[in-house]
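Notes for the one structure printed next.
The values are calculated or read from the model by the stated rules, or taken from the named source; none is laboratory data. Worth saying up front: this structure is predicted, and the values here are computed from it rather than measured. Reconstructed Cβ throughout: ideal geometry from the backbone, glycine too, with neighbour counts over all protein chains shown. Heavy atoms of the whole protein, side chains included, go into the accessibility calculation; ligands, DNA and RNA do not. Shrake-Rupley method; radii C 1.70, N 1.55, O 1.52, S 1.80 Å.
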Amino acid sequence: MQPSNIRNFAIIAHIDHGKSTLADRIMEQTATVSQRERQDQLLDDLAVERAHGVTVKSRTVRNFYQADDGQEYEYNLIDTPGHVDFTYEVSKSLAASDGAILLVDATQGVQAQTVANLRLARENQLVVIPVINKIDTAAADVDRTTQQIRALGGDLATATIYRISAKTGLGVHAVMEAIRTTIPAPSGRATAPLKALVFDSQYDAFKGIIAAVRVVDGQLTAQEPLRLMAHNQALTAKEIGVLAPNRTATARLGVGEVGYVITGFKDPHALRVGDTLTSATTPTATALPGYQPAQSVVYAGFYPQGDHYRDLQLAVEKLALNDSSFHYRAETSDALGPGFRCGFLGIFHLQIIRERLHDEYGLDVLTTAPNVTYRVHVARETDPVVVDNPIKFPDFSQIEWVEEPLAQATITTTSDTLSAVMKLAEQHQGTLEDMANQGDLIVLTYQLPFSEIAYDFFNTLKSVSHGYATLTTELAGYAPADVVKIEVHVNYARVDALSFVVHRQDVARVTQALVHQLKTVIPRKLYPMPVQAVGEGKAVARVDVPPLRKNAAVNGEQRSTSKKQALLRRQSKNKRQASHSEIELPQAVFNAVLDLER
């Protein structure tokens, strides 16, 4: 295909605005899939995507479109997620695109993630086509949505806004023509040395790492000796091809084309998303700029249930390759044994990874409480200690002060729910920095500790705003914080995997709620077990897990007081010594920490 007839574009939208449905209609109108292959959310092939109704992993599909001018065009659609936790997937897709369709639901209007994705498209200097979806529904307010799109400024103030129903296909043909006439063709040189962007990857058990590439200059052929420029890694293209939407082998990929390369790598660390692929014999002089790696916001520990550490290790390695925003490293817990400290973009991202481990690899994992990264300044040390695991928090006697990460949070809500949203932000130690109008919506800018929004803040925000408020966050630096590390002792044995860090003002409330929840989920023994929350060397909360039966020393028999006390001492000593090697906790215990209202 000539580069002048190629269009590379993405669809950006807020979650549940119909992006996957529009992708289905585009594939149907270009006959990319047959009538037998058609299904809803065709590009959402992960079980978790269909279960939650959201796109998690970006996908690419090539379509051949017979335009009204009589020519055939190659439309490379690079699908994007809509949830705020997967913004990094959006940035990868936009880096390989020349234009984007901005899709807005006529019943909900412009929302926060709409604006955030638009900003990413503008940073990549992409042409944006505004489209209003769901115009045929009873609750649609097309005029209000049009005004909101115009208010976004830039080219959108005067651009043609297309109105469609992705469900029925109404108006989709006009959008297909707009892609041809509005989005520019690739501008690379066919005679230049090969230069291709690796914008995604996935792992195949038989073929190894499969890289998704966009050819910028030159051409890519099968069995050609290649080189990855970031680490000077040599490889040979075992197979190249296009995604239509399944892998289809081809002899070559030219300028502007999007496809895949089977590298044959088995090491998950051999390829980095954002790298530049070039020829080993005639390499390009300069690499593509790529983009910054994803920064983890929330950390949690994954531990195997039973003797499945090796299976979990292989699974997280493959998931990290398929999801470049998921990070991990090995760690060992005294109570749970070997496992992994994992980094996520948010709580929903953590939930998706857990479900993928279960659905794709048949693994159920114990998940510790999520936490954020702290900078701890200790005595006689010039540089702060970076702590992303509460277990490694220095002893309180050595700490001079602690810094916690702050989030610049942009909350978009309606005027009716403004009071409830502001009250929620203040309860989570938010500081209001700005308030502005965006059409009928109000945009609040808060500075919040990341630890306050890492748990259930987003879900609570949805609840108090009746589902209308949206949230986007970005790291805004670090600030001093008065925090305390809380350890949990079960039967006088410290369970390090249950440790967490909390603000001092919340210690009493959080620890009391925790021990009372643990009382109902920790497996009971034949003797009472104390559960204590310990902070800075003192027990700040305690309950006793009731025994399955009465204590043997207090069974109603007539014994002298001294004999009863001696029996109690022997019994307590033996059981406490044995408890250090017998602590086996189910996931329900860790869920008690996850469910705490911080």
What FRET efficiency comes out for Asp267 versus Arg189 if R0 is 30 angstrom and r is the Cβ-Cβ distance? Round to the nearest 0.05. 0.35
Heavy-atom accessible surface of the stretch 195-279: percent carbon and sulfur, 1.4 Å: 49 percent
In vacuo Debye scattering of the stretch 426-531, one point per C-alpha: log10 I(q)/I(0) at q = 0.15, 0.21 Å⁻¹? -0.82, -1.21
Where does the Debye-calculated log10 I(q)/I(0) of the stretch 137-231 sit at q = 0.13, 0.18, 0.19 Å⁻¹, using only Cα point scatterers of equal weight, no solvent? -0.79, -0.95, -0.99
Can you send over the carbon and sulfur percentage of the accessible area for the stretch 344-385, probe radius 1.4 Å, protein chains only? 44 percent
Counting only protein heavy atoms and rolling a 1.4 Å probe, one gets per residue an accessible area for the stretch 298-367 in Å² of 37 Å²
Per the rule of 0.36 nm per residue minus the C-alpha distance, extending Gln351 to Arg122 adds in nm 79.4 nm
Could you give the accessible area per residue of the stretch 195-279, probe 1.4 Å, as a whole number in Å²? 36 Å²
Bin width 10 Å, alpha-carbon pairs only: give the P(r) of the stretch 195-279 as whole percents, running from 0 to the bin holding the largest distance. 19, 61, 19, 0
Using only protein heavy atoms and a 1.4 Å probe, report how much of Ser97 is accessible, in Å² to the nearest 10. 10 Å²
What distance in nm lies between label points placed 7 Å from Cα along the C-beta direction at Leu432 and Glu400? 3.7 nm
Taking 45 Å as R0, compute the FRET efficiency from the Cβ-Cβ separation of Thr158 and Thr282 and round it to 0.05. 0.50
Expected output is a single nm value to one decimal: the length gained when fully extending between Gln305 and Ala230, i.e. 0.36 nm times separation in residues minus the C-alpha distance. What is it? 23.3 nm
In whole Å, what are the extents of the stretch 374-481 along the principal axes defined by its C-alpha atoms, from largest to smallest? 54, 23, 18
